[in-house]
Amino acid sequence: MDALRIERIDVDGRETVVLTAGAGEPLVFLHGGGIVEGFSCFLPLAARFRFIAPQTPGFGGTALRPALTGIDDLTEHNARLLDALGVQEILLVGHSLGGWAAASFAAAHPARVRRLVVSAPYGLGVPEHPLANVGAMAPAALYAALTNDPTVFEGLVPAGPDPEFDAARALEGTSMSGFVPGPFDPTLAGKLAGLQVPTMVQWGDDDRIVPVGHLPAWEAALPRPPQVRVYRGVGHLLYHEHPPAVEDVAAFVTE
């Protein structure tokens, strides 16, 4: 499969970057709070689906302004993006913050989502298993905490000062400060209560960013019991670190 293509889509006046490859049924992937690791691990999906990875405002060349003021803003931006792409019904996958965004989208637009996968999702309050305080981490410590496979970041993180790289990370931080409500989303449990789409939840059992201890809260919040996949010894970036997690996505959405 060839590399991902970059498309630039006008969404209500906001230039939105979309990475895409393949053909077939649309499978949309919503990324988490970082994109340094890239998206090449998803190319196997493009062999079977029309893979679509929109870049959140402030990320990957998508215009930040107007700034998002909450998850509902992001949900409607994504809905309008799909309209602009001519896509109606989708298979939806989200990781970390993107898992929260994907679940929120499925709750708001249930007729558009045929199957949902959330991996290591942010969003529910589980005080006995606090999230990592990523804002307090030095970059090297953060990259080490994200994955148990340090080769994930080889050639992607500068060895020395890089103002352009740092500016991109700062813009991502500005974006998240506008729509992420804090350590959890107090509205999410209520949204999940009405979610009837078939769902799979994936987690690495050595996730040091969003601990796997959040999994029971997601199972309890979803009214339809989800399929669950937990990967032994795998960290937060489970798709990059553990290719079988990508294979499990393909298997679940084609059941």
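Read-outs throughout are calculated quantities, based only on the coordinates presented, and are distinct from any laboratory measurement. None of the values given here were measured: they were computed from a predicted structure. Here the Cβ is made from the backbone with ideal geometry for all residues, glycine too, and neighbour counts use every protein chain on show.
How high is the relative contact order of the stretch 159-255, in percent, counting Cα pairs under 8 Å that sit 6 or more residues apart?
Relative contact order comes out at 25 percent.
Between the stretch 29-50 and the stretch 97-166, what is the C-alpha centre distance in whole Å?
So the separation of the two Cα centres works out to 13 Å.
Taking only complete DSSP H runs, can you tell me which helices of the chain stretch 15 Å or more along their own long axis by Cα positions and average at least -0.5 on the Kyte-Doolittle scale?
TM-like helix candidates: 71-85, 97-108, 163-179, 243-253.
Treat every Asp and Glu Cβ in the chain as -1 and every Lys and Arg Cβ as +1, leave all other atoms uncharged, and give the resulting dipole magnitude about the Cα centre to the nearest 20 debye. Could you put the intermediate results ahead of the total?
On the way: 16 positive and 28 negative charges, 103 e Å.
That gives the chain a dipole magnitude of about 500 debye.
Go through 62-75, 226-239 and give me the packing order, highest mean Cβ count within 10 Å leading. List each step's numbers first, then the result.
Details: 62-75: 16.4, 226-239: 19.6.
Listed from highest to lowest mean packing, they are 226-239, 62-75.
For the chain, what does the relative contact order come out to in percent, with C-alpha contacts under 8 Å and a separation of six or more? Before the final figure, lay out the partial values.
On the way: 491 pairs, mean separation 51.5, N = 255.
So the answer I get is 20 percent.
Can you find, among His214, Tyr122, Ala193, the residue farthest towards the positive end of the dipole of the chain? Put +1 on the C-beta of Lys and Arg, -1 on that of Asp and Glu.
Towards the positive end, the residue furthest out is Ala193.
Run lengths n ≥ 4 of DSSP H only: what is the helix-derived mean residue ellipticity at 222 nm for the chain, with -39500 (n - 2.57) per run over all residues, to the nearest 500?
After summing the helix terms and dividing by residue count, I get -9500 deg cm²/dmol.
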